[in-house]
Structure formats: structure tokens, C-alpha cells
Amino acid sequence: MPELPEVETTLRGISPHIHGQTVANTIIRQPKLRWRIPDDLAHTLAGQTVLECTRRAKYLLIRFATGIVLIHLGMSGSLRIFTAGDARISSPDKHDHVDIVFADGTVLRLHDPRRFGAVLWFAGAPEHHPLLAALGPEPLSPQFNADYLYEKLRKQKRAAKLALMDNAVVVGVGNIYANECLFKAGVSPMRAANQITRQECALLVETIQAVLQRAIATGGSTLRDFVNSDGKSGYFQQEYTVYGRHNQPCLQCGDLIHKAVIGQRGTFYCTRCQK
């Protein structure tokens, strides 16, 4: 599933092409995604101008005068930009489910083979949308700091990894990046969250921010389907220190990396380096 760095990479790729542009048409080839695309979306967007493109957690938000289009990439989705005259505009793939066509000929296209993505309309402020209202702070924001994280974790007995992946605690730290951050911070993914000290929380915040910023800088991770708005793969998977390295030597101590399942997700860790 595309995680925060992949969604941020997508945002940075599409925003320059569609900001300030006016919607000429919306083509919906397959409305049955995770939630059905509104039947009147094409009518709603026609003639409206993109005022802003932002991200909240793993959701892309395209703001218009009367509301927002909220896009989630699901398990296998990606957004592509095609400029006017590109032959691919007139020959969509079978998994190209939605096109937003702008007056200058630019096309924003959602490709989603597994159809777990979403394209929704909301006539209101983003923070009031039911999918966004209860989210925790952005990991790269000032609100996510050592004091905040310590207060959030100190009453939780569940595994540290589960707490970090909870969007009510902090958004965007998905499975891949939770593995990487816990390893770099030296914290076992199985340790009870309330056993993490304030000093360790400070290190976790610093590590989470550094890992996510590096992942964004390298275009995110491509394990199966993800490509950016230009159709290019991310490269952060080449820098994994622990994720996917079961039975391979730890890059810090040489012991073998272990794998467990926590919350139905593959978890990779070093028993010597992570306590």
C-alpha cells in the first residue's frame, strides 16, 4: 500500500500541473472503488478551478470553491499526469478508472488495479470529513514531538509498533516505515508502548521524521505497483535496513534479522539491536 512518502511524492508531482486549472470534464469508467464514486461528480466539478492541492495522512485533497475531492490510493493505486497531446490519453488501460480533464488538455488519471482506492466529494472543510476528523498529527509537523508522543504512549500496553501505526496517534507511519524507524531507534516492535521512556520518544520522533524525509527525497518505495505521477518507481526500498530482510545479517551487529507478525503485518527486527 502506498504510504505517506508515496502520497507526498504524488502530491508534489501532480500539484504543479493542476493548481489553478479549470476542470473541463470528468470521466468515470469504473465507479465501484472502495466506496462508490458519486454519480454526479462530473457535474459537480465541471467549470470549477483547483484552488489548492494538499495531503492529510494518506489522503490527497484537491480543493475547489465549493468543496474538496478526496483521493486515496488504496492498495495499488497511482495518479498519473498526462499533458495535452499525449497519445495515452485516448487509450486508457483497463485499470484506469477515473480521468479529471482540465481546460488546457492536462489529464489527471487514477490507475487502481485492485480498486481499494477512493475518489470522494465533500462539500465542507477537510477537517470535518469523517475520514479525517479523528486523525492524529502529521509526523513532520511541530505538533508531533517528544512530549506529545510520550503522553500518547504512556497509558498504552499494546506493542510499540501497533501504537506507531495507529492514525489516531500519528498519521502516515505505515508498516514499512514503522519497521525502519523502530530499528533505527533501537526499540523492539514488541515492547509495550507504555515502557518507552520520554528520551526514547524523543529519539523515535527524530528517527520517524528523518526516515520519512529521506523516503520522500527518494520518491518513496516501490514494492509492487506504486509509481509517481510521471510513471517512475520510487527508490527508498534500496535503502531498507531491516524491512524484508528476514534471515539476513543485521547491518549493525551481524546477527540474523527476525520476522514476526504483529497486527497481521510482517515485522522485521534485530533482537540484539532493539530492546
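In this structure, is residue 34 under 19 Å from residue 3 (Cβ atoms), of a type in the set (D, E, K, R), open to solvent by 60 Å² or more (accessible area, probe 1.4 Å) and in contact (Cβ under 8 Å) with a residue 40 or more places away in the chain?
Numbers: under 19 Å from residue 3 (Cβ atoms): yes; of a type in the set (D, E, K, R): yes; open to solvent by 60 Å² or more (accessible area, probe 1.4 Å): yes; in contact (Cβ under 8 Å) with a residue 40 or more places away in the chain: yes.
The answer is yes for residue 34.
I'm trying to understand the selection: among the residues of region 141-159, which are surrounded by fewer than 16 Cβ atoms within 10 Å (Cβ to Cβ) and at pLDDT 95 or above? Steps first, please.
So the first thing to find is which residues in region 141-159 are surrounded by fewer than 16 Cβ atoms within 10 Å (Cβ to Cβ), and the list is 141-143, 145, 147, 151, 154-155, 157-158.
Listed by number, the residues that qualify are 141, 142, 143, 145, 147, 151, 154, 157, 158.
If residue 235 satisfies all but one of (1) surrounded by 15 or more Cβ atoms within 10 Å (Cβ to Cβ); (2) modelled with pLDDT under 95, what's the number of the condition it fails?
(1)
Looking at 91, 78, which is the one that is among the small types (Gly, Ala, Ser) and crowded, with 19+ Cβ neighbours inside 10 Å? Show your work before the answer.
Numbers: 91 fails: crowded, with 19+ Cβ neighbours inside 10 Å.
78 is the lone residue from the list that is among the small types (Gly, Ala, Ser) and crowded, with 19+ Cβ neighbours inside 10 Å.
The values are calculated or read from the model by the stated rules, or taken from the named source; none is laboratory data. Quick caveat, the model's predicted, so the values are computed rather than measured. In this analysis, Cβ positions are derived from the backbone assuming ideal geometry, glycine residues included, and neighbour counts consider all displayed protein chains. Just so you know, the surface numbers come from the protein's heavy atoms only, side chains and all, with ligands and any DNA or RNA stripped out. Shrake-Rupley method; radii C 1.70, N 1.55, O 1.52, S 1.80 Å.
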